[in-house]
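To start, the structure itself, in C-alpha cells.
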Amino acid sequence: MTYSTDEMMTVAAARHLANGEVCFVGIGLPSRAANLARRTHAPGLVLVYESGTIGAKPRSLPLSIGDGELAETADAVVSVPEIFNYWLQAGRMDVGFLGAAQIDRRGDINTTVVGPYAKPTVRLPGAGGAPEIATSCRRVIVIVRQSPRTFVDPLAFRTSVGDRVSTVITDLGELRREPGSEELVLTCLHPGATVEMARAATGWTLLVADDLGETPPPTAVELEALRSLRPAAMALH
Amino acid sequence: MADKRMTPQEVVGRLESGMTIGIGGWGSRRKPMALVKAIVQSDLRDLTVVTFGGPDLGILCTAGKVKRAVYAFVAPDVAGATNKNSPVLEGHFRKARQSGAIEDEPYDEGMVLLGLQAAAWRVPFLPTRVGLGSDLLRDNPRLKTVTSPFDDGEELIAMPALELDAALVHMNRADERGNAVYLGPDPYFDDLMLAAAKVGFVSTERIVDTAELLKEAPPQALRINRAFVTGVVETPGGAAPTSCEPDYERDEDLHAKYMAAAKSDEAWDEFLAAWEAK
C-alpha cells in the first residue's frame, strides 16, 4: 500500500501512545495521531482535550478542541477553568501531545513570534495552554513537519520549555532525548528518508544516533484506520 | 425588583476610553459581538482588552480601539471557509501586532485564568509553576517570581491580578435582573470575568422571566448571578459571527468575511456592512 509522508508521520506518532495512558491532546496533527492510536493498538487511551472533555471518543476528527463531538462522547466534561486548575496543573496527565511552529535542539517550542519580540516579522497565535502542557504532563511528545523554518536554533521566543519532551516525530523520522541528555538525537528514519535529508531540514548540526533505526512502514490496518478518520464537518468546506 | 435592561449603546455609554475591558467567550465561541459592534461604532479608544481571543480582539484591533492586548492566544480556533488548513492564524491581530499598532501582554491560558481568579478574589497575585522557564517571563514585564514563605522555599511565578474596569459576556438566557444561564457545552471564563470586574454587562439571546431561567438548563448552568451584573442587553444573534450553541453555530459566511477583512480596506468595509445588516 502506498502512503504519504504525513501518513507515515501520523502512524509513527500514534505508536508512541500506550493503551491506558492519559493523554492531553492538542488539535490538528496530535489529535489525528491520538485518535488513530485509540482505533488501533490503544483502545483504552484516555483522550483529554483542553475544552474539558475527559475520555473523549470522537467518531470523526474534531475540528477544534471545543467540537461538540468531543463532549458528546466523553466520560466526563468539566469546564475549561477546571481542566487547567485541577487536571493539568495538578499533574494528572501521563502524556502531553503537542504541535509546534518552531522547535530547537532542546525541545523548547515557539508559538509566539518570529523575529524580535517588540517588532516581530511574524506574529504567531500565542502560548495558548502549551507552556503548562509542556511542564505539567509527565512526558511530552511533539509532532511537527521538519524543515529549516521549523527546526530552528536559537528560537526567537521560548514559549514552552522542552525539559519533558521525550520524543519528536516528524515527516522524516524520530528524534529522542534520553533522560539526562540536553539535546535531541535522530534515532529513527522513516522509509525513504536519509540522514542528509534530515540534516538539510534542521537549522542546527543534527546529532544522529549510532544505532539509527528505520521506522516500520504503516501496516494496512493502520492506514485503513487513519484514512477512515474524517473531520466532522468536511461538508462545511 | 431592579430592571437592568439596556441597549448596547447604553452599555458603551458606561465605558470610557483607556479602560481595561474583559471580553468573555473563547476563540470564536459565544463572544458578546453585539456589544463589540457598539464599541466599534463609538468614539471609545485606547482600550486594554483581556480576552481568550477571537474575532472580538481582531475586530477591535482593526477598528483602532485597542491600545493593549492581554491574552494567551488569538485564534479563530475552528478551520473554516477562509482558513481551511489553519485553525490558528488570525490576520487582524497579526497585522496590528506586526505593525506596532498595539502593545501586548502575553500569558498562557492557565495564567490568564489565575490572573482573573486573583482579581476576583481581590488578592494581588496567585502563585503558579506555569510559565517557569518560558520567555513569557522575559518579555512580559508584569510577570515576576515569588519565593514560597514555607519550608519548601520554591520559586514560583506570581501571576498578577488582571483587574477589569468592565466585563462583557454573552449568555443564552438571562432575566432582567442579570441572572443568566449558558445552554452550550462550557461556561468558558465568563463568570470569572464578571467577578474580576468593577462592572459587568451581559448580552443574551433572550430575556426571560426568572422562573423560566431553569426551564432549559440544570441549576448549575445558572452561572451568572445578578450581584455581578450592572446591565442586561437582549441581542438575538448577538454572538455572530461566533457560535452560541445550541442556539446557533458559527456564521461561516460572516466569519469568512471577517477573516478576509484583514487583507484590505475594501474587504473591511464589506465585512462591516454585512455585520451591520445582521
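Here, each number is a calculation from the coordinates, and none is a lab measurement. Everything quoted here is computed from the prediction, not taken from an experiment. All Cβ positions, even for glycine, are placed from backbone atoms using ideal geometry, and neighbour counts span all protein chains on display.
Take chain A, connect every pair of alpha-carbon atoms lying under 10 Å apart with a spring to form a Gaussian network, then pick out the residue of A:Ala76, A:Ala18, A:Ala101 with the largest mean-square fluctuation.
Comparing A:Ala76, A:Ala18, A:Ala101 in the GNM, the peak value goes to A:Ala76.
Would you look at the GNM of chain B, springs on alpha carbons closer than 10 Å, and say which of B:Thr128, B:Thr62, B:Thr230 moves the most?
Maximum among the listed residues: B:Thr128.
What's the exposure ranking of B:Ser148, A:Ser166, going from fewest to most Cβ atoms within 10 Å?
Fewest-to-most ranking of B:Ser148, A:Ser166: B:Ser148, A:Ser166.
Please tell me the relative contact order of chain A in percent, rounded to the nearest whole number, where contacts are Cα pairs under 8 Å and at least six residues apart.
Taking the mean separation of contacting Cα pairs over the length of chain A, I get 20 percent.
If you stretched the chain out fully between B:Asp3 and B:Arg122, how much longer would it get, using 0.36 nm times the residue separation minus the C-alpha to C-alpha distance?
40.1 nm
DSSP beta bridges in the stretch A:5-231, what fraction antiparallel, as a percent rounded to 5?
Counting only bridges with both partners in the stretch A:5-231, antiparallel ones make up about 45 percent.
Where is the GNM fluctuation largest for chain A (alpha-carbon springs, 10 angstrom cutoff): A:Gly99, A:Gly180, A:Gly213?
A:Gly180
Under a cut-off of 23 Å between alpha-carbon atoms, report the lysines in cross-link reach of B:Lys198, not counting same-chain residues fewer than 8 places apart.
Those lysines meeting the cut-off are B:Lys4, B:Lys31, B:Lys37, B:Lys65, B:Lys67.
Is the protein assembly as shown best put as rounded, prolate or oblate by its Cα gyration tensor, with a ≥ b ≥ c the root eigenvalues, rounded for a/c under 1.5, and otherwise prolate when a/b is larger than b/c, oblate when not?
Prolate is the answer for the protein assembly as shown, as a/c is 1.5 or above and a/b outweighs b/c.
As a test of the formula, what do you get for chain B when each DSSP H run with n ≥ 4 contributes -39,500 (n - 2.57) and the sum is divided by the residue count, at 222 nm and rounded to the nearest 500 deg cm²/dmol?
Only helices count here, giving -7000 deg cm²/dmol.
What order do you get for B:137-144, A:168-175 when each peptide is scored by the mean count of other beta carbon atoms within 10 Å, highest first?
Averaged packing, sorted descending, gives the order A:168-175, B:137-144.
Taking square-rooted eigenvalues a ≥ b ≥ c of the alpha carbon gyration tensor, is the stretch A:5-231 rounded, prolate or oblate, where a/c under 1.5 means rounded and, failing that, a/b exceeding b/c means prolate?
oblate
For the stretch A:142-197, which trypsin sites (Lys or Arg not before Pro) pass both filters: DSSP loop (anything but H, G, I, E, B) and at most 16 other C-beta atoms within 10 Å?
Those satisfying the criteria are A:Arg149.
Within straight cross-link reach of B:Lys215, meaning Cα distance under 20 Å, which aspartates and glutamates are found once same-chain residues fewer than 8 apart are removed?
Straight-line reach from B:Lys215, under 20 Å: B:Asp175, B:Glu176, B:Asp186, B:Glu205, B:Glu234, B:Glu245, B:Asp247.
If you count, for every residue in B:108-118, the Cβ atoms of partner chains within 10 Å of its Cβ, what is the mean?
6
If you average the alpha carbon positions of the stretch B:156-172 and of the stretch B:99-123, how far apart do those two centres end up, in angstrom?
7 Å
What net charge do the residues around A:Leu184 carry, taking every other residue with its C-beta under 12 Å from that of A:Leu184, with Lys and Arg at +1 and Asp and Glu at -1?
Once all neighbours under 12 Å are counted, the net charge is -3.
Please give the Cα centre distance for the stretch A:98-142 versus the stretch B:1-44, rounded to the nearest Å.
Distance between centres, Cα-based: 32 Å.
Label chain B by shape, choosing from rounded, prolate and oblate, from the square roots a ≥ b ≥ c of the eigenvalues of the Cα gyration tensor; if a/c is under 1.5 it is rounded, and otherwise prolate applies when a/b is larger than b/c, oblate when it is not.
Here chain B falls in the oblate category.
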